[in-house]
Every structure is written in structure tokens, then in C-alpha cells.
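Undergrad: What follows is a structure written as C-alpha cells; I'll ask about it next.
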Amino acid sequence: AYLPVGVDQPAVRRDRILASAGARIVLDDLSAAATARPADGPVTGPDTALAYVLCTSGSTGEPKGVEMPHAAAVNTIEDLNDRLGLGPGDRTLALSALEFDLSVYDIFGPLSTGGAVICVDEEHRRDAAEWAALARRNHATVLNCVPALLDMLLTVAEADGGGLGLRAVLLGGDRVTLDLPPRLAAVAPGCRFAGLGGTTQTAIHSPWQ
């Protein structure tokens, strides 16, 4: 199971998260991961086994780990992939932080069908102009994020007059304002638009609208 902890987390909170989770390995050096010998093959296990833990603050401000089994995450991922017809030619633009459950679909949705993930580096995490450039340069087809991030991306596309090659946009985590669908249609004609929702405990998304 994996437990994402943002690099900008205060040290005290980070240490509490790692201690409460009983973390055995901390991966904080990607160069080490890049030079490690790959596994010989997939590591199988029961679908009830833990897939990931995401920490929420709850009402107390203390980090609380939400444990999700593989079955719950796979159920959502496979359902969304089926609805969208996701395949090897699709690429998600991963704008959500790894600590946010929308990132689970950003990663495992396309990878489970042979597609790819377009990552935003830490330097440009809040730079919508860079997101638009990445989306265009790498041919992003799917965006799964909160409404505010879509609004930022659309603002850039509207200002520079460039289109977006997105074919599906999934929004969750907040209220979807009525201006977003027509604005998206103007810069990405024919793009499918869906408002979703759910809680971390119910595996990313639950309702589809």
C-alpha cells in the first residue's frame, strides 16, 4: 500500500502521519527508484488487501488515515474507463496532488489500459499556462480535477486562443458552476463533460451526472 505525503507538509504533521501509519519505507529520492531493478512481474494478492492510505484532517485537525482496498479503487477505475472508453491512446493531465483521491484515477485509469500520465512538476504546480502547454504538447485527452483547476486552465486557453484536445473532463470535489460546460465546449469542441462526487471513503467518485 502507498501513503502519499506532500513535500510541503509541515514536518510535525508529516511525522505524525508516518508514525500513525507505521510506515516502513519512505521513498523520497526518485533517482534511487529509477536505478532500482524492476520486479520480475506483478505482485498478486487478495482484492481485499490495502491499496492506499490517504490522510484527511477530519474535524479535529489531526491527520486521519482513510484505508482503501484494491477492490474499491478498481471498481471505480474500471467503471470510469468503461464509460469513457479509455484505451492506449489516452493520456490524463494529472493536476491533483497525490494526497487527493482524484489522483488515484489520474494514475491508474490510463495505466490500466495502456495509456499514459502527464505529470506536472512541483515548480509549475500552480502555473495554468504550463498546464495548457503540457496538455497540448503531450496530447492530453482526459482531465479529472476540481472545478477551480478547470477554470484556471480554461482561462489560459481563452486568453491565448489555443484549443485543447481533451475528449473528456471529469469534475469532483466541489460545486460545478454553470459557466464551465459552455466554456469547455468553446475550446474543446465535442469534449464529454461530467460532474462527479463522493468521499475519500467511497473510493474517489460515487455519483455520475
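Undergrad: Specify which of the listed residues (153, 166, 170) is part of a helix (DSSP H, G or I) and closer than 30 Å to residue 201 by Cβ.
TA: 153
Undergrad: Is it the case that residue 132 is in contact with a strand residue (DSSP E or B) (Cβ under 6 Å, 6 or more places away or on another chain), modelled with pLDDT of 95 or more, crowded, with 18+ Cβ neighbours inside 10 Å and small (Gly, Ala, Ser)?
TA: no
Undergrad: While we're looking at this one, here's another question. Residues to consider are 44, 92; find the one that is in a loop (DSSP other than H, G, I, E, B) and either open to solvent by 40 Å² or more (accessible area, probe 1.4 Å) or of a type outside the set (A, V, I, L, M, F, W, C) (or both).
TA: Among 44, 92, only 44 is in a loop (DSSP other than H, G, I, E, B) and either open to solvent by 40 Å² or more (accessible area, probe 1.4 Å) or of a type outside the set (A, V, I, L, M, F, W, C) (or both).
Undergrad: Now, a different point. Please determine, by comparing only the residues of the stretch 177-197 that are open to solvent by less than 50 Å² (accessible area, probe 1.4 Å) and not in a helix (DSSP H, G or I), which one is farthest from residue 69 (Cα to Cα).
TA: Applying the filter and picking the extreme gives 188.
Undergrad: Right, here's the next one. Please state which one of 121, 174 is under 24 Å from residue 89 (Cα atoms) and not aliphatic (A, V, I, L, M).
TA: 121
Undergrad: Which residue out of 153, 102 is closer than 26 Å to residue 178 by Cα and touching a Phe, Trp or Tyr at 6+ places or on another chain (Cβ under 8 Å)?
TA: After applying the criteria, what remains is 153.
Undergrad: Now a separate question. Residues being aliphatic (A, V, I, L, M), assigned to a loop (DSSP other than H, G, I, E, B) and farther than 21 Å from residue 100 by Cβ: count how many of those fall in the stretch 7-41.
TA: So the answer is 3.
Undergrad: Would you confirm whether any residue within the stretch 63-84 is of a type outside the set (Asp, Glu) and exposed (fewer than 10 other Cβ atoms within 10 Å of the Cβ)?
TA: The answer is no; no qualifying residue exists.
Undergrad: I would also like to ask the following. Quick check on the stretch 70-88. Is at least one of its residues touching a Ser or Thr at 6+ places or on another chain (Cβ under 9 Å), within 17 Å of residue 1 (Cα to Cα), in contact (Cβ under 8 Å) with a residue 40 or more places away in the chain and not in a helix (DSSP H, G or I)?
TA: No: the stretch 70-88 contains no residue that is touching a Ser or Thr at 6+ places or on another chain (Cβ under 9 Å), within 17 Å of residue 1 (Cα to Cα), in contact (Cβ under 8 Å) with a residue 40 or more places away in the chain and not in a helix (DSSP H, G or I).
Undergrad: While we're looking at this one, here's another question. Test residue 142 against the stated conditions and say whether it is aliphatic (A, V, I, L, M), open to solvent by less than 50 Å² (accessible area, probe 1.4 Å), in contact with a Ser or Thr (Cβ under 6 Å, 6 or more places away or on another chain) and without any contact (Cβ under 8 Å) to a residue 40 or more places away in the chain.
TA: Spelling it out, it is not the case that residue 142 is aliphatic (A, V, I, L, M), open to solvent by less than 50 Å² (accessible area, probe 1.4 Å), in contact with a Ser or Thr (Cβ under 6 Å, 6 or more places away or on another chain) and without any contact (Cβ under 8 Å) to a residue 40 or more places away in the chain.
The values are calculated or read from the model by the stated rules, or taken from the named source; none is laboratory data. Owing to the predicted nature of the structure, the values given are computational and were not obtained by experimental measurement. Cβ coordinates were reconstructed from backbone atoms using ideal geometry, including for glycine residues, and neighbour counts include every protein chain displayed. Surface accessibility is based on the protein's heavy atoms, side chains included, excluding ligands, DNA and RNA. Shrake-Rupley method; radii C 1.70, N 1.55, O 1.52, S 1.80 Å.
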